[in-house]
1. Whole angstrom only: what separates the Cα centroid of segment A:209-279 from the Cα centroid of segment D:265-281?
2. What number results when the radius of gyration of segment D:22-264, computed over Cα atoms, is divided by 2.2 N^0.38 Å?
3. Using a label position 7 Å from Cα in the Cα→Cβ direction, what is the ascending list of nm distances from B:Lys202 to the same site in the other copies?
4. Sum up the charges of everything whose Cβ sits under 15 Å from the Cβ of D:Phe150, counting Lys and Arg as +1 and Asp and Glu as -1, but leave D:Phe150 out.
5. On alpha-carbon atoms, Rg over Rh for segment C:40-116 using Kirkwood Rh?
6. If contacts are Cα pairs under 8 angstrom and at least 6 residues apart, what is the relative contact order of segment D:22-264 in percent?
7. If one computes the Cα centroid of segment C:287-325 and of segment D:99-146, what distance in Å separates the two points?
8. Provide a whole-number value for the mean count of partner chain Cβ atoms within 10 Å of the Cβ atoms in peptide A:316-323.
4 protein chains.
Amino acid sequence: MLRLKFAGILILVFLFSQSEAQRHVIKIPDIPGYKTLKGDFHMHTVFSDGTVWPTVRVQEAWEEGLDVISITEHIEYRPHSSDMNADHNRAYEIAEPLANKLDLILVRGAEITRSMPPGHLNALFIKNANLLELEDVNDALQEARAQGAFLMWNHPGWKAQQPDTTLWWDEHSELLKKDLLHGIEVYNEEFTPEALLWANEKKLTMFGNSDIHGPANYGDGHRPMTLIFSKSRTLGGIKEALFSKRTAVYFDNIIVGNASFLNPLFFASLQIDKKPVNLKNEESKIIYIENTSDLDYQLELAQPGVGFDAPENLNLKSGQITAVELTGNSIEVGQMQNLKIYYEVKNLKLSNTDNLVVTITLQNI
Amino acid sequence: MLRLKFAGILILVFLFSQSEAQRHVIKIPDIPGYKTLKGDFHMHTVFSDGTVWPTVRVQEAWEEGLDVISITEHIEYRPHSSDMNADHNRAYEIAEPLANKLDLILVRGAEITRSMPPGHLNALFIKNANLLELEDVNDALQEARAQGAFLMWNHPGWKAQQPDTTLWWDEHSELLKKDLLHGIEVYNEEFTPEALLWANEKKLTMFGNSDIHGPANYGDGHRPMTLIFSKSRTLGGIKEALFSKRTAVYFDNIIVGNASFLNPLFFASLQIDKKPVNLKNEESKIIYIENTSDLDYQLELAQPGVGFDAPENLNLKSGQITAVELTGNSIEVGQMQNLKIYYEVKNLKLSNTDNLVVTITLQNI
Amino acid sequence: MLRLKFAGILILVFLFSQSEAQRHVIKIPDIPGYKTLKGDFHMHTVFSDGTVWPTVRVQEAWEEGLDVISITEHIEYRPHSSDMNADHNRAYEIAEPLANKLDLILVRGAEITRSMPPGHLNALFIKNANLLELEDVNDALQEARAQGAFLMWNHPGWKAQQPDTTLWWDEHSELLKKDLLHGIEVYNEEFTPEALLWANEKKLTMFGNSDIHGPANYGDGHRPMTLIFSKSRTLGGIKEALFSKRTAVYFDNIIVGNASFLNPLFFASLQIDKKPVNLKNEESKIIYIENTSDLDYQLELAQPGVGFDAPENLNLKSGQITAVELTGNSIEVGQMQNLKIYYEVKNLKLSNTDNLVVTITLQNI
Amino acid sequence: MLRLKFAGILILVFLFSQSEAQRHVIKIPDIPGYKTLKGDFHMHTVFSDGTVWPTVRVQEAWEEGLDVISITEHIEYRPHSSDMNADHNRAYEIAEPLANKLDLILVRGAEITRSMPPGHLNALFIKNANLLELEDVNDALQEARAQGAFLMWNHPGWKAQQPDTTLWWDEHSELLKKDLLHGIEVYNEEFTPEALLWANEKKLTMFGNSDIHGPANYGDGHRPMTLIFSKSRTLGGIKEALFSKRTAVYFDNIIVGNASFLNPLFFASLQIDKKPVNLKNEESKIIYIENTSDLDYQLELAQPGVGFDAPENLNLKSGQITAVELTGNSIEVGQMQNLKIYYEVKNLKLSNTDNLVVTITLQNI
């Protein structure tokens, strides 16, 4: 039906009739000292080569439970321009009132879109996208940086630009030196192992972004996203966290990041039975672990328990209580104050070769 | 990622990366003499007050399994016009190449958008939407008709235009007389009983349409749609079927329409055990009915079986085989050639008061 | 495969291989002063006319997230007896070790199974089911009571015993007087309105039970259950709560019970934005309500807001945040300390005619 | 509620109240010359170490869409025997009337349960299970064979019997020689590659069975099963097919079997656009393939097309139409009568190393 013309009402008619104004809750907990914000810093609308109106990006993100997004139109590629007469700031301006109404943080951004090297780079936290339309890519990046931008290398593994290899170019080393490169997409449609390697080696902030062009439709799954460990749920807090490299990358049932964030995230996801186990030799006891997060944590025993046996594999399913059976295998176990179990968490990745190893400590007597 | 610029490729990169180029099959069978086509004749894009690019409408419809759509932009209401510089034919022109590639039938249409009476009317099968921009509504409708248009009254029960009642106005009788009104939306976001009454009384073609503005997102359900009983899967076939009133309206788990279409549709949906039942007094036999359609048919016994008992209620679930137990209750049943069971199909509606009654005939001996 | 013979291990091989030892969490919160336990006090196994082994009942209940069950075999109806040689206590004895291991509370019970009146009655918290095998129903009930039993009238609306009406018989009044009737099933396969009426009028504890005979298979739904508002998660706590009528009945998306339990349950299910609304005339504000329970709460405005408009209907979906828009409609609203919104909760039933009405109070300035 | 006592009715009360008497349709098509029957030849009930009544096995199988099952109680292991007083034929006798009523084929069987070698063997199509209770395993197998049995080695990879290796023993060669071994479980809870190797090398009939002990609960998935390519849907037809090695093994989204069955099965699953492609150099055309089976077929290009490019990977999803784009890359393509595309079907396995390769032939001009 025709939407009402009064602007203040338009938004809500839209929300309530089409989407029932319901927001999904992404269950990834805060960690000590930080809020765990959910963000997507790469997306398009009809104002570059996307196929939705900017308000759709805000509404989708709000419904999916994101805290922060950036609409990052291509500066140099605008296939719909013959039908649209708008400058590079227009998508942001259209999206902003709805973002404010829904308390979604909107980062002003743009995608500087060049051939390789240096490829495509997102400029986040800029002030005026129109000023980035400059012939020389260095001029464009310098202008963005002068506006205070955080600069991220997008999809370094994109086959259209590097069909056979995924290389780090001298030009990227140059950008790093000139403070024109701060982050890198470790995930954009797919995981790029080289990008994870470089993020760790060269101290780049790691990102997982959707780079969505059409309507969002993640079914029972979720959009790839960047987790931001931020001191506050504010634009400034997020900017500080990105420049301080406090992010992790969440896609499928996997989080990639630094152990200093992933270890507290794992334990903040769980409620572990507190009462003493009271395990004795040749007896078995069940302890219960509830996983209140959205992830299924896949655990593999990293080393045998001392004095007792624990399951070789555990799947701590999202929203469920898992029964874990421990069996005493020595007389000493009856005297042990604590039981320590060491598990590798197969879907919490630190690097291309290492996963997080956690120590679950249970009071025994 | 940036889509490739070569036009011929653009479409398919789009299809394969975003949607995996997979088309759902709507399981509503053909009936003797006609193909049962699935259509949606009311939708919007950014070119009026919608929020998606026209190609999205084509791709959504193709993926959902529709055969025919019409993009029907408001002639008189274009809230995005300050950002767009395009005429009233532009949405069709953008959608057409992808529709051709995907073999989706695209009907050129427009929505003549006026206050009540006569409200909003869709003009379908027009040739040039720009010519409909005329001050007097009658002039606009006459122009559409002169182009060969089929004219449909949209959402007659819309509260914004008729908050307290749903009335048929003298103006609509006038339109009928002048051959300027051929169809009516019985379903648009919700079912309108008055519209069904008028469709039956005044011989109007009945429609169920989505009137979608944002991205389609029907989850496990389906879009409301118009079933067209057409001699061929062509634009001409559809136009002939619409002017001949050969449609039905499909929403939720309900089809509304004429018994002459709904009765064959019901039986074309089922595979009923052919072998003789061989029912005898005080014995019970099970017959099997497979429902290969998307609907769950909800049956209620319309009158008792002669010589045997049959279940009071049956739910013939979609894609399942239902076991139906018959029990002989007279000696005569052993001599009966055929068993006839009379069921009312609660979700095949003929009018606001009547549902289809079917006769299931089984060979007994 | 063959299960290992060592008894202590048998249980866990079973758990881990077949069910992955995962327990669902029923999200119905505790209320001030009480734990909200989830129970099912009516079920059968192969030891009467059911079709599963008693351990299956324990495992199903544990996996579904129940806290307490009672296996209530028919005393008088044992169709498998030619294949089984066991007394009336055997199902309990087989189930008990697994219940202990899994920390599921198992109530010893039995179903006294007679024609109407008085029909079928469950005796809960008995000590020896074998002693209930007595010819006279009053003797059987007296024996159960002498063992300390809580007595419940099962499925009073069962068509096999009362095909045309659902009556309260003089015999039931007699039982009440003699302290031989304490509870009634308001839900058993279906809701019985008469039972709800009698529970309220005659001060009977209300129950919702599964009366399950075959394997549990509730798919995406849940088993009908009794909510027990108990001072502790112990057998004794539950017995005290049942005799004190602190229960509610949960089936489909509905809870039936007393307002003194349902009102705190509703508010314990929600997280409502705490920050001041700051609503002013002719402005609209959005407040957010997160529903952390398993129910979708369906709200209908019970009376208009004073000084502002609130949505006529709200569906607070399970696990989601709902945006609720308030719009000021008087100058006074800007001065109001609090905003009070009165909603009827359509799926929290107090009686056959009344639903719970809640007052949502928001700080305004 | 209490089930009615009249035997003829009991079954149907059970069916209609508990399961709604609905049978799922397994969409795996017949192939030329054979019906593709779905079977499970290994399962237990309370009469050995299972936990359900025999009728449950029949009802589960009927609801899941199976055609044939065998209840195969352990002869030598009956942990419930102190509670049950029944001989080895009892489970079959209890299950048979319901199987007859529901037209499910029930094979009389038993599991000869010994330590390794030879481990556990199922005897199918026997006449009297009681006669198999013999001390010497060879005597037991001979007796089964004398009754006409088909003999199958169960779960050869079971860790409890062969913890570190999966070996073929001299004893099995002996059994083969003596006509006392005809089939082998390639899948039982998990896939056993060694069993597939032996099935191919030693000409054993391959099986996939559930070996289910508790209630069936396959959620959105399906039970592992044996596909039988049978001349008729009869007990005799199945026996002939098993002895003639006309089976395949279906688990997860995989079928393992001989190319002579898998190739026609693949093509019987598909509806491929018949109209000429009309492909020309530097043009692209879309052809449509509908997959009407339950499997998602995962295709990988086995060799390049001659004169045209085809997608490297295709996922022909169950119940969907997949659009396949072909692009001419030579002038000759315009003259080619047929286009041949060679795909490896990754989830149709012939052996541990080889998958089925199919040739899709399209008429071009």
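1. 46
2. That ratio works out to 0.94.
3. Result, one decimal in nm: 5.8, 6.9, 8.0.
4. Details: positive: D:Arg108, D:Lys127, D:Arg145, D:Lys178, D:Lys203, D:Lys239, D:Lys245, D:Arg246; negative: D:Asp40, D:Glu111, D:Glu143, D:Asp179, D:Glu185, D:Glu240.
Within the 15 Å Cβ shell, the charges total +2.
5. On the way: Rg = 12.1 Å, Rh = 12.5 Å.
Answer for segment C:40-116: 0.97.
6. Working: 509 pairs, mean separation 49.5, N = 243.
Relative contact order comes out at 20 percent.
7. After rounding, the separation between the Cα centres reads 62 Å.
8. Across the residues of A:316-323, the mean count of other-chain Cβ atoms within 10 Å is 5.
Each reported figure results from applying straightforward, stated rules to the coordinates on display, with no laboratory input. In this text the structure is predicted, and so the values were computed from the model without any measurement. We place every Cβ from the backbone using ideal geometry, glycine too, and count neighbours over all the protein chains shown.
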